[in-house]
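To keep things clear, I will list the structure first and then write my remarks on it.
Derivation of every value follows stated rules applied to the coordinates shown; laboratory data play no part. Quick caveat: nothing in here was measured; it's all calculated off a predicted structure. Backbone-built Cβ (ideal geometry, glycine too); neighbour counts: all protein chains shown.
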Amino acid sequence: MLTVTELAKQSGATPHAVRYYTRMGLLRPDRNPHNGYHLYKPREIIWLRFIRQAKRLGYTLNEIKSIMH
């Protein structure tokens, strides 16, 4: 499981972007029951890279969300 910072480093995004995409519902972390931190599965790296690539191609976040779901 990855923290926000670890996910950001491994995907090339910023922690701010990870948190924003999480609030938008594009990423779905688990919660650490001991401290409430978001913990991301390694597959979220792939989704985060997909989101960033789709944005570079001109898709809006709402369009990306529709594609992902």
* To do: Report the semi-axes of the equivalent ellipsoid for the chain in whole Å, largest first, where each axis is √(5λ) for an eigenvalue λ of the Cα gyration tensor.
  => 21, 12, 9
* Asked: How far, in degrees from 0 to 90, does helix 43-56 lean away from the longest principal axis of the Cα atoms of the chain, to the nearest 10?
  -> 30 degrees
* Whose amide H sits under 5 Å from the amide H of residue 2, counting only residues 5 or more places off or on another chain, with H placed in the peptide plane? -> 40, 41
* Asked: Which distance in nm do the two modelled labels at residue 54 and residue 23 give, with both placed 7 Å along the Cα-to-Cβ direction?
  -> 1.9 nm
* What is the set of long-range amide H partners of residue 13 at a cut-off below 5 Å, with H atoms built 1.01 Å from backbone N? -> none
